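I have placed the structure first, in the form of structure tokens, so that the comments after it can refer back to it.
The values are calculated or read from the model by the stated rules, or taken from the named source; none is laboratory data. Because the structure is predicted, anything quoted here is derived from the model rather than measured. With ideal geometry, Cβ positions are generated from the backbone for all residues, glycine too; neighbour counts draw on all protein chains shown. Surface accessibility is based on the protein's heavy atoms, side chains included, excluding ligands, DNA and RNA. Shrake-Rupley method; radii C 1.70, N 1.55, O 1.52, S 1.80 Å.
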Amino acid sequence: EQLQISYTTLVNQQILTLRRYDILHEALVRLENQGIKYREPGESEEAAVARLTKDLDVQHIADSYEVLVGLDSPAHDWVAPIVNTVANTYLEKGKADDLADRSNRMSALTTEQNNLRAELQKKLDQQSQLSQDLLTVSLDRATPVDDTLLAGARQAQEDAHRRRMEAEAQLSIMEATKSGGKNPLAVLTEEAVANDT
């Protein structure tokens with residue numbers, strides 16, 4: 001998820017980040033640990049950070065990959081340590097944020113990978129169960145398809161055989177009527193009586 005942005009836009013974002021409150025506050029704490037009192041007596045931390053933000057001169061050096069960080073202050077001995085502390089704090093915070101982002105991304109990717117593995121295992125288990133069910137044949141529960149088709153074919157053959165016999169009987173009656181001069185109704189009655197058990 002990398003954004004395609006111009007280098008100038010990236011530098012401007014970094015300039016704004018360098019002036020971020022948490023970075024400048026941390027820089028002031030480090031300065032106090034070094035014995036440099038940037039904060040004036042009676043001044044709140046927020047006011048000191050706001051004053052440092054205003055005093056800092058951060059610019060993009062044209063046609064280069066560099067950023068200028070400067071400071072105008074009457075205490076010339078403290079200018080370099082203040083600028084260096086601000087720059088170092090910015091770099092360390094940037095690395096820490098980058099590592100935190102990487103850690104969060106790695107954690108999210110690991111969670112997603114575990115979810116996908118669990119889902120894949122579930123699907124493999126379902127596939128295995130389905131394969132077992134397809135291989136298991138229970139004759140008590142259902143008739144095989146072949147037997148059903150065979151029974152239907154036998155019934156159709158018997159029906160066709162019966163119809164053929166009826167048709168042959170009717171044909172023989174017609175032929176007997178034609179050759180013997182008998183009444184077809186009488187021939188049919190005689191045959192019905194002869195076949196009646």
> Which of the residues belonging to region 59-77 are assigned to a loop (DSSP other than H, G, I, E, B) and closer than 30 Å to Glu40 by Cα?
Replying inline: Asp72, Ser73, Pro74, Ala75
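Say we look at region 48-67 and pick out the residues that are out of contact with any Leu (no Cβ under 7 Å at 6 or more places or on another chain) and under 22 Å from Asp22 (Cβ atoms); which of these is most open to solvent (accessible area, probe 1.4 Å)? First the steps, then the outcome.
So the first thing to find is which residues in region 48-67 are out of contact with any Leu (no Cβ under 7 Å at 6 or more places or on another chain), and the list is 50-51, 54, 60, 62-67.
Going one step further and asking which of them are under 22 Å from Asp22 (Cβ atoms), we end up with 50-51, 54, 67.
Values: Ala50: 58, Arg51: 58, Lys54: 165, Val67: 62 Å².
The qualifying residue most open to solvent (accessible area, probe 1.4 Å) is Lys54.
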> Quick check: anything in region 67-78 in contact (Cβ under 8 Å) with a residue 40 or more places away in the chain and touching an Asp or Glu at 6+ places or on another chain (Cβ under 8 Å)?
Replying inline: yes
> In region 148-197, which residue that is among the acidic types (Asp, Glu) and at pLDDT 75 or above is most open to solvent (accessible area, probe 1.4 Å)?
Replying inline: Glu158
> In this structure, is Gln132 without any contact (Cβ under 8 Å) to a residue 60 or more places away in the chain, surrounded by 10 or more Cβ atoms within 10 Å (Cβ to Cβ) and more than 24 Å from Tyr21 (Cα to Cα)?
Replying inline: no
